[in-house]
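Engineer: Below you'll find the structure I mean.
Where a number appears in this text, it was derived from the coordinates with a stated rule and is not lab data. Keep in mind it's a predicted model, so treat the numbers as computed, not measured.
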Amino acid sequence: MKTAYEKVYLNAILIVGFGLFGWFSFEFFSTKWPNWMNYGQLVCSILILWYYLYRIKHKYLKIENGELKVISPTEKKIRLRDIKKIKKLAGDYILKTDKKKLIINISSIDPKSLFKLNKELKKLNLEWE
């Protein structure tokens, strides 16, 4: 099961990326001699748009083979059978084991995916705080 990002979050990234690219285009074509800042804007806009595409493809987290993985450059994972407590605090789920703690930001998860995530976590029959 993969958990998608909320559309508002993804759209905000897309707007920032295209906004920065638009600013680059305006500055680049309106000045006689483009400077290094213009190229910095181009690089930043490309990186932001790449990040948007990465988030569309790879989603936020996934549950497979008995593990919950938060997909990021430093992939964080936790075995579902090792979870001892689940705490809901300020828009986050904090999953605790004896040795680890994993924080899931639920405010950036699509509501349909959040429903599925809650269903999977309730199957564990754990204490929720």
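Engineer: Using only Cα atoms, find the angle between the long axis of helix 7-30 and the longest principal axis of the chain, and express it within 0 to 90 degrees, rounded to the nearest 10.
Structural biologist: Value to nearest ten degrees: 10.
Engineer: Hey, another quick one. If you take the square roots of the eigenvalues of the alpha-carbon gyration tensor of segment 19-85 and sort them as a ≥ b ≥ c, do you get rounded (a/c under 1.5), prolate (a/b over b/c) or oblate?
Structural biologist: prolate
Engineer: On to the next question. Is the C-alpha gyration tensor of segment 66-129 telling us rounded, prolate or oblate? Criteria: a/c under 1.5 is rounded; beyond that, a/b larger than b/c is prolate, otherwise oblate.
Structural biologist: rounded
Engineer: Another question, if that's okay. Per DSSP helix of 4 or more residues, -39500 (n - 2.57); summed, then divided by the residues of the chain. What does that give at 222 nm, rounded to the nearest 500?
Structural biologist: Taking each H run of at least 4 residues, the total per residue is -15500 deg cm²/dmol.
Engineer: Enter the angle in degrees (range 0 to 90, nearest 10) between the Cα long axis of helix 111-122 and the first principal axis of the Cα atoms of the chain, meaning the one along which they spread out most.
Structural biologist: 30 degrees
Engineer: Also, I was wondering about something else. Return one number: the angle in degrees, 0 to 90 and rounded to the nearest 10, between the long axis of the Cα atoms of helix 36-58 and the longest principal axis of the Cα atoms of the chain.
Structural biologist: 30 degrees
Engineer: Which option, [x] 50, 33, 27; [y] 46, 37, 31; [z] 66, 28, 27, is the value of Cα extents along the principal axes in Å that was calculated from these coordinates?
Structural biologist: [z]
Engineer: Quick one: how many lysine pairs in segment 1-59 have C-alpha atoms under 28 angstrom apart, if they're 8 or more apart or on different chains? Display every interim value, and only then the final one.
Structural biologist: Numbers: K2/K57; K2/K59; K7/K57; K7/K59.
Lysine pair count for segment 1-59: 4.
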